[in-house]
Amino acid sequence: MTIDISKFDHWIEAWKYFYDIELQQVPLDPNAVLISSVNEKGVPNARVVLVKDVSDDGFVFYTNYDSQKGKELFHNSHGHLTWYSRLQGVSIRAQGKIEKVDSTISDQYFSTRDRNAQISANISKQSQEVESRSVLDNEFKEFEKKFEGKDIPRPSHWGGICLIPSKVEIWKSRDDYLTRLHDRIVFSIDNGVLSKKRLYP
Ligand SMILES: Cc1cc2nc3c(=O)[nH]c(=O)nc-3n(C[C@H](O)[C@H](O)[C@H](O)COP(=O)(O)O)c2cc1C
């Protein structure tokens, strides 16, 4: 059935609608999104992350702030997110401002993570060269030993990033796929005011 995406009054309604279906029907990484950034020369980079919280404030994911993505996103204060559902024939993409999430929220999320993931977040100098696999494994073991029986602290270089959208496009394939006349609805948020328009496919 082709759903009429122009019925959504806010992008978050569309996200919730499609993401709920994805959660129920896609067992692996339904929350995988592509995060794009540009470096200081304007050269683009994109990588997959798992989005952990979505509200009308924006999309939150967790990473190393000193990673390439961290540096590029904070340097430009802007980024881009793309989510695609093969199952539903939907893409949701958002352009917007980048902000660190409050440290208490990052602490809270970090505390729910598996201990191994907590150790990795501490030892990984994400995006830097590592000499070999054994160097990485030894760093993990050393850290693990050092913190035996103790809580693993959240490193200050690791936490949440929120992409606060200024533009969100919902793309939905039509059942009559052959025409390629798919639906595109764009929400723009300007000084807190939301507007909606339809684009040619
Ligand atoms: C399915 C999947 C999920 C991932 N989730 C995350 C994530 O939530 N956070 C993260 O920092 N990297 C995640 N990664 C790794 C990133 O894609 C990327 O390799 C890493 O963050 C380094 O990117 P950068 O060098 O551009 O900063 C994930 C990769 C895949 C394939």
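Brief remarks follow.
Residue-by-condition table, conditions (1) under 19 Å from the mean Cα position of the chain (by Cα); (2) farther than 30 Å from A14 by Cβ:
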| position | (1), (2) |
| --- | --- |
| S111 | no, yes |
| A121 | yes, yes |
| S127 | yes, yes |
| E131 | no, yes |
| F140 | no, yes |
| K145 | no, yes |
| S166 | yes, no |
| F187 | yes, no |
| K196 | no, no |
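- Among the residues of region 61-79, the ones that are under 26 Å from R113 (Cβ atoms) and in a strand (DSSP E or B) come to 5 in all.
- Any chance F61 is under 12 Å from the mean Cα position of the chain (by Cα), buried (at least 19 other Cβ atoms within 10 Å of the Cβ) and closer than 20 Å to H157 by Cβ: yes
- Selection within region 65-74 - surrounded by 18 or more Cβ atoms within 10 Å (Cβ to Cβ), over 12 Å from the mean Cα position of the chain (by Cα) and within 6 Å of the ligand (Cβ to nearest atom): S67
- Subset of region 20-38 [away from the ligand (no atom under 16 Å from the Cβ) and either within 19 Å of D56 (Cβ to Cβ) or free of Cβ contacts under 8 Å to residues at least 60 places away in the same chain (or both)]: D20, Q24
- Cβ-Cβ under 6 Å pairs, at least 6 apart or on other chains, region 161-181 side under 23 Å from R86 (Cβ atoms), far side basic (K, R): E169/R93; W171/R184
- Annotation: of all residues in region 39-50 being β-branched (V, I, T) and within 11 Å of the ligand (Cβ to nearest atom), the one that is surrounded by the most Cβ atoms within 10 Å (Cβ to Cβ) is V49.
Bear in mind these aren't lab numbers, they're just calculated from the coordinates by the rules spelled out. Here the structure is a predicted model, which means the values were calculated and not measured. Reconstructed Cβ throughout: ideal geometry from the backbone, glycine too, with neighbour counts over all protein chains shown.
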